[in-house]
Structure formats: structure tokens, C-alpha cells
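Input: a single structure, listed below in C-alpha cells.
Rule-based calculations on the coordinates, nothing more; no lab input. Keep in mind it's a predicted model, so treat the numbers as computed, not measured. Quick reminder, even Gly has a Cβ in these numbers, built from the backbone with ideal geometry, and neighbours come from all protein chains shown.
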Amino acid sequence: MSDSVDTQISNYYDKLLKRNAGEPEFHQAVSEVLESLKIVLEKDSHYADDGLIERLCEPERQLIFRVPWIDDQGQVQVNRGFRVQFNSALGPYKGGLRFHPSVNLGIIKFLGFEQIFKNSLTGLPIGGGKGGSDFDPKGKSDREIMRFCQSFMTELHRHIGEYRDVPAGDIGVGGREIGFLFGQYRRLSNQHESGVLTGKGLAWGGSLVRTEATGYGLVYLTQEMMQTHGESFDGAKVIVSGSGNVAIYAAQKVQQLGGTVVAMSDSSGYITCPNGVDIDLIKDVKEVRRERISAYAAEAGSGVEYHAGGNIWEVAADVALPCATQNELDGDDAKLLADNGVRYVAEGANMPCTPEAVHYFQSADVNFAPGKAANAGGVATSALEMQQNATRDSWSFEYTDERLRQIMTNIFKNVDKTAKQYDREGDYVIGANIAGFKKVADAMLAQGII
Ligand code: NDP
């Protein structure tokens, strides 16, 4: 590595830290990408022309707004709403909305930044954005959720649209919330613009497979990675952290492919289930009744144990799929997993592994697929939903699932090939960052300094 590229990247990063103080998750996401770009700039210095890297790290637009709503006791509550429209060089901004008390600008920026490269990797014409609120849906009534969503959309509707910005779900935003958000958008805009949100109900513009897409896509990509190393899910023991949308459908697909999901979790604790997870029961507990995973353990019968507040990464397995939230798996956890025999890790969540964990996996020859590639199935299927909306069509489950599988296979092949092109065979972090970057960068360079 030449000193000049190293210095150039350090200078960009120092400037970014100063201009974006107090946003550690954003710093972490940018730092990982910049680290990978060093070998690109070494080969192709024109990627540093025209302030390209600085422009890439600066959102095109950041919106922060007040979201007042009235709770069931008649009290006024005030939350903060965000939408970061990061990059639209490849297509309209596309990315989910997160409702969680931890949400702040730095978290939305990290997610929006990651989304640019992820969306590029799908090969579909979508730019990167992300939004959300520090609203906590836990413990709220359906009516409270509805009033909050209506207030949130009353501001957001001015900034989104089929050709401008198309939000979807994320943590705390599922089918129920998308319904309330879409209803308010339709009322305010006085048109049934189905392409404005994805993750909609099937009767009003939704796509089959969207609910399953992130989890299924994660497993399709992991399967491809395992096959490259002569292995498969058949007979494999798998840890899936979280028990939300991504985790449940990842678990389902793992078991359909002959694997056994031996542990799942929520933010209160984890369960061990040596004989596999009962998918119908976990769906009933988490999706229908919206209860804690401890309720699953209480009802699942013999062999299943609940570990309050425990560390899920202590469980022995062949494959780990972190599907809960950012930085849920650190360097110590990575060592535990590797010592216990894990050979594959793929990120279902966004940035669930700390940089220390990623380095540990790579140094211990654990095959590691980053979220940008591994969890791109959700947004890819959202783009398929947009295609169906644009043509007033609706595709079968089998057809849509096959499109998803092909997209995930192509993402893995592209990432693998790119890593090899840069003499870093098996480094899927480098492969994903560079492949995602180049497409966006080429589009930005072609479109001038904007
Ligand atoms: P859900 O809200 O459906 O589920 C989130 C799960 O993660 C829950 O089990 C939740 O437990 C757990 N969790 C959340 N915060 C924490 C925390 N601080 N510590 C431990 N556990 C936590 O969200 P999704 O399944 O949709 O999203 C999960 C991850 O996948 C996120 O990183 C998201 O950005 C990413 N993702 C999602 C996509 C999608 O299509 N939905 C697409 C691509 C990525 P609890 O109920 O206790 O809070």
C-alpha cells in the first residue's frame, strides 16, 4: 500500500469524524468501507477524482422532524422522525424505516450508508436511504401505533414518492405499521400510489415473498458460500440470533434445507432447542401474540431451555446467523464461536458484528459474509415489488422466490469474483464493499459533480 493512498484515506476519515461528531455507528460503517477502498484507489486512482469519496460519504439530504401524537390516556407524546436520503445515483432512494428507542441520526446515517452499497449489489436500479424514529412500539396499543404512524407520515409524505424515495420496514416496522403509513399517505396525496412504500399487504400492492425475503435470501447466500467450500446446510447446527422478521424466516429456510436451528433470542434472553425450532410456534408467539421468546420456551416442551439475559454465542454450532441488531457480536463472542467449531457466519442484521469480531473470524479462517451482501434479499424483493406495482402485475410465490434465489446467488458470485480480482480470495468484506462501490462510483462520475 502506497503512503499516499493511506494518507489520502486517513485525511478523508479525519475530516468525516470532525464533521459528524458523536455518531459512532456511522464512523464504524464508513471506516470499514474506506479500509476496503484503499486497494481500489491503489489500482484506479480516478476513483478519488472530483471529491467522489467525500460526496459518497455525505448524504444528499437529511430530514429531521417532530412527530407529535396522542396516547391512550390523552397525553401528548413527542418523538423525533428521520429520513436520510443518502444517494440516488442508481435510482430512487430505497431503504427501511426503523422504530426503536435507540434511533438517532448517527444510526440512520450508518444504515443509509450501508444501504447504498447493498442496493448496488442487488443489480437493481435503487439508490440508498434510511429513516425511522425513536418511537418504541413495544407495549403500545394498535391505536397508539396507528396515531403515531399517521403523524409520522403527515410529515414524511412531502419527501417520498415512487420516483423519489420508497421506504419499507426494518426493526419495529412490519406489516401493521406499513398499513397505517400507506393509509395516511393515500389520504394525504389523494392517490393510490402503490409504488411509494414496499412491504404492503398482498391485496393492496404487496408482493409474495417480501415477508420471507431477507431471511430466505440470507440463507440462499450462505448456502452458496458453503457450497463453494464443499458443504451444505444438511445436518448443520445453526444459531440464529433475534426472533423478528429476518430471524424467523432465516430459521424456516435453514430447516427446510436440512439444518437444525439450535438457538434463537430476543433482547431479554435466548432459547436453546437442540432438536430444532418449531416455526409455527415461534411465529405464533412473536408475530401473532407479540410476546417474548421466554413464552416460546414455556410452551415448546421438553429439551427447550430459556436463558434469561444469557449470551447466545456460547452455544456450539457450525453456522451463526446474527439477525437482531448492530454490534450484537463482539471479538470475545467471535472467539467463543470459533473455538466451539463455527465455520460460517453471515450477517442477517445490519452490522451485527463489531470490527474486532470480523477481524477475528477472518484470522481464524471462519468464512464471513457481511450484511451488505447477505441481507440484501429484503431490499431486492422490495425492488421486485416496485416492478410489480409499476406494471400492475402480481407474480406467483415460486417465481418471486426463484428471482430472489438468483439475485442472492449472483450477489455471492460477484462478491467472490471481486475479492479474487483484488487478490483477496475468500475476503467477502472486501469483495462486497468494492463491487458495491464501483457501480455507484461509476454512476456518480458519469453524472457530474452534484
Ligand atoms: P424486528 O423488529 O422484526 O426484529 C428485531 C429482533 O432483534 C427482535 O427479536 C428484537 O428483540 C431483537 N433486537 C432488537 N434490538 C435488540 C438489541 N438492542 N439487543 C438484542 N436484540 C435486539 O426487525 P427485523 O427482523 O426486521 O430486523 C433485524 C435486523 O435485520 C436489523 O438489523 C435490520 O436493520 C436488519 N434488516 C432487516 C431487513 C428487513 O427486511 N426487515 C432487511 C435487511 C436488514 P426484542 O423484541 O426483544 O427487541
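Tabulated results
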| item | result |
| --- | --- |
| Most to least packed among 396-403, 108-115 [average Cβ atoms within 10 Å] | 108-115, 396-403 |
| Estimated [θ] at 222 nm from DSSP helical runs (n ≥ 4, -39500 (n - 2.57)) normalised by residues in the chain, nearest 500 | -15000 deg cm²/dmol |
| Relative contact order (%) - segment 118-229, alpha-carbon pairs under 8 angstrom, separation at least six | 20 percent |
| Per-peptide average of other Cβ atoms within 10 Å, ordering 159-169, 375-385, 346-356 highest first | 375-385, 346-356, 159-169 |
| Inter-label distance, nm, simple model (7 Å from Cα along the C-beta direction), residue 413/residue 188 | 4.3 nm |
| Contact order normalised by residue count of the chain, Cα under 8 Å, 6+ apart, percent | 15 percent |
| Karplus (6.51, -1.76, 1.60) ³J(HN,Hα), θ = phi - 60°, over segment 228-240, in Hz, Gly and Pro reported as x | 4, 9, x, 10, 8, 6, 4, x, 7, 8, 10, 9, 10 |
| Enclosed volume per residue, in Å³, of the convex hull spanned by Cα atoms of segment 1-145 | 123 Å³ |
| Scattering curve values for segment 113-270, log₁₀ I(q)/I(0), Debye with Cα scatterers, q = 0.15, 0.20, 0.21 Å⁻¹ | -0.94, -1.33, -1.39 |
| Neighbour net charge for residue 10 - beta-carbon separation under 14 angstrom, K R +1, D E -1 | -2 |
| Normalised alpha carbon radius of gyration of segment 1-47 [divisor 2.2 N^0.38 Å] | 1.18 |
| Translational diffusion coefficient (Stokes-Einstein; Kirkwood radius from C-alpha pairs) of segment 274-349 at 4 °C, 1.567 mPa s, in µm²/s | 93 µm²/s |
| Inverse of mean 1/r across different Cα pairs in the chain, Kirkwood, Å | 22.1 Å |
| Total formal charge among the other residues, if their Cβ is under 14 angstrom from that of residue 439, Lys/Arg +1 and Asp/Glu -1 | +2 |
